[in-house]
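The values are calculated or read from the model by the stated rules, or taken from the named source; none is laboratory data. Just so it is clear, the structure is predicted and the values come from calculations on it, not from any experiment. Cβ placement follows ideal geometry from the backbone for every residue including glycine, while neighbour counts extend to all protein chains displayed. Heavy atoms of the whole protein, side chains included, go into the accessibility calculation; ligands, DNA and RNA do not. Shrake-Rupley method; radii C 1.70, N 1.55, O 1.52, S 1.80 Å.
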Amino acid sequence: MKVTIVLGTRPQIIKSAPVYHAFAAAGFDCDIVNTGQHYDYEMNREFFKELDLPDPSSDLNVGGGTPNEQVSAIIRGLGSQFADGKPVLALVPGDTNSALAGGIACSKAGVPLAHLESGCRSNDFRMAEEVNRRVLDHISQALLCPTPGCVRNVREEKVLASSVTNVGDTMYDSLLKFIPSLEMMDAASKYGLDDGGYAFMTLHRAETVDDRATLRSVIEGVGALGIPVAFGVHPRTRERLKSFGVSPGPNFTLLEPLPYVETLSLAGRSKFVITDSGGLQKEAYWLGRPVLLTRDDTEWGEIVEAGAAFLVGTEGRRIAQGYGKLNKVRPAAFRAAKRIFGSGNASANVVKAVSKFLARAGKAPS
Ligand code: UD1
C-alpha cells in the first residue's frame, strides 16, 4: 500500500513529518517526493534530519524558476514517475506551488489525491496560496481539514470530494513533539536577546515583500516601535531588501533562515510575534505569544476571534495601534487552542481518514 507525500518547502516538511511517521507506523509504504521548490537543498536536508524523516525517494530539482516554470516542471516530473508506477494515494500538504502542481499531476494520472490542511481560506486572491488551496480542494478526493471552520468552508463551497474529515492540525502535532527540546533551548540568549524583551519577526509573502513601498512601510513601522526585533530573513526578503535599498534600523537583529526548533524557541521566548506567515501565526498562538499580522485577512480567523492576534496591515500607524493592544491580551485567549486545532493527534486521524477512504474506494481492506 504505497502512499506518496509530495512536498517542496519548509512548512510542508513540518506539516508532513508526523503524517509520514503515522503512515509508517500503520504499515503503509510511505515515500516522499521532494519537488525542490526551495532549492537551498542543504537547508531542506537539515529540516528532514531535524524532523527525523528519511531522504526523499526522489528529488525533482525544480527550484529557481518562475512559478509557471516550477509548476510545469513538477507536473512533468511527477507524470513520468507515475508512468513507472502509481501509489494507491498521494497526499499534498498546504497551499504552495508544489502542492498545486502535485495535485494536478495526480489528477491527470488518475492517482487519488488527499489534501492536507484543506478548507482554509483567506479570501485574498492576491495570494498565490489562496488560488492554490481552492483549486486543490476541488480536485482532491479526500479533504483533511485542520479545524471545524475549514470543514464549514468546504461545505459552503459545495466541494464534491468523496470524504471530508476534521483531523486537526498536523503542525500542532509537530510542535508538541518538540516541547521537551524547547524547554532546554534558549535561542534568545544565543542571539543576544533578553527573554521576553523582543519581537520575533518574519516576512516572506509576495504581497508584503515584492513591493518597495509596502516592505519599507512595514520595516519602518516595526522599527518605530523602539523594541529589539529578531528578524528571521527569508531568502526572498533578503533579496528584496537589497534590491529596494531598504535597511532595517539598529534595533533589528537580522537572522539567516533558522532551524525549526530555534524558530519555535525564538517565538516562544519573544514578547510577541510579527509575521505574514500562515504557519508561524499558529505556532505563536500554541506557544502562548500574541501576534501582529502584517495582513488584512488571515486563513486562521479563529486566532483573531480568540483575541490573540491582530490584523494590522502594513502601515506604520496601524502597526503602532496593534502594538498598543498587546498588553490587553489575556491568557484566556490561548485556551481555545485544543478546541480549534485538535489535541495533537491529527496525524493518527489522517491515517484513519485515508484508510477509510481507500477501503470505500475498494483499494484497501476496511
Ligand atoms: C513559498 C510558498 C509559501 C510558503 C513559503 C515558505 C508558494 C506560492 N509560496 O513562498 O506558501 O509559506 O514558501 O517559505 O508556493 N528559498 C530558499 N530557501 C528557503 C525558502 C526560499 O532558497 O528556505 C528561495 C526559493 O528557492 C526562491 C525564493 O527563495 O528562489 C522565493 O521562494 P518562492 O518559491 O517564491 O516562494 P516563497 O516566497 O518561499
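Annotations for the structure displayed:
- Applying a DSSP loop filter and a limit of 13 other Cβ atoms within 10 Å to the trypsin sites (Lys or Arg not before Pro) in segment 146-218 leaves Lys158.
- Relative contact order of the chain, pairs being alpha-carbon contacts under 8 Å that are 6 or more residues apart, as %: 15 percent
- Structure note, pairs Lys177/Lys352; Lys86/Lys158; Lys108/Lys338; Lys158/Lys352; Lys177/Lys338; Lys49/Lys356: Cα-Cα distances above 27 angstrom occur for Lys86/Lys158; Lys108/Lys338; Lys49/Lys356.
- For the chain, calculated [θ]222 nm from helices alone, where every DSSP H run of n ≥ 4 adds -39500 (n - 2.57): -14000 deg cm²/dmol
- The length gained on full extension between Tyr39 and Asp210, counted as 0.36 nm times the residue separation minus their Cα-Cα distance, comes to 59.6 nm.
- Computed FRET value (nearest 0.05) for Ser80 with Ile139, which takes r as the C-beta separation and R₀ as 25 Å: 0.80
- At least 24 Å along the helix axis (C-alpha) and Kyte average at least -0.5, DSSP helices within the chain: 67-84
- Distant-in-sequence amide contacts of Leu91, defined by a placed amide H-H separation under 5 Å and a gap of 5 or more residues or a different chain, comprise Thr4, Ile5, Val6, Ala114.
- Phi-derived couplings, Karplus 6.51 cos²θ - 1.76 cosθ + 1.60 at θ = phi - 60°, listed residue by residue for segment 328-338: 8, 6, 9, x, 4, 4, 9, 6, 7, 3, 5 Hz, with x used for Gly and Pro.
- Considering the chain, its Cα convex hull presents a mean projected area of 16.9 nm².
- Counting all C-alpha pairs of segment 179-340, share separated by more than 29 Å (%): 12 percent
- The accessible surface of the chain, taken with every protein chain in place and a 1.4 Å probe, is 51 percent carbon and sulfur.
- Unpaired by the 4.7 Å Cβ criterion, cysteines found in the chain: Cys30, Cys106, Cys120
- The H on the amide N of Ile274, modeled in the peptide plane, is under 5 Å from the matching H of Phe200, Met201, Thr202, Leu292, each at least 5 residues off or on a different chain.
- Counting only protein heavy atoms and a 1.4 Å probe, the chain has 41 square angstrom of accessible area per residue.
- Filtered chymotrypsin sites (Phe, Trp or Tyr not before Pro), segment 252-297: DSSP coil and at most 11 other beta carbons within 10 Å: none
- Of the GluC sites (Glu not before Pro) found in segment 129-173, the ones in coil according to DSSP and having at most 14 other Cβ atoms within 10 Å of their Cβ are Glu157.
- A cut-off of 5 Å between modelled amide H atoms, ignoring neighbours fewer than 5 places along the same chain, links Ala364 with Ala359.
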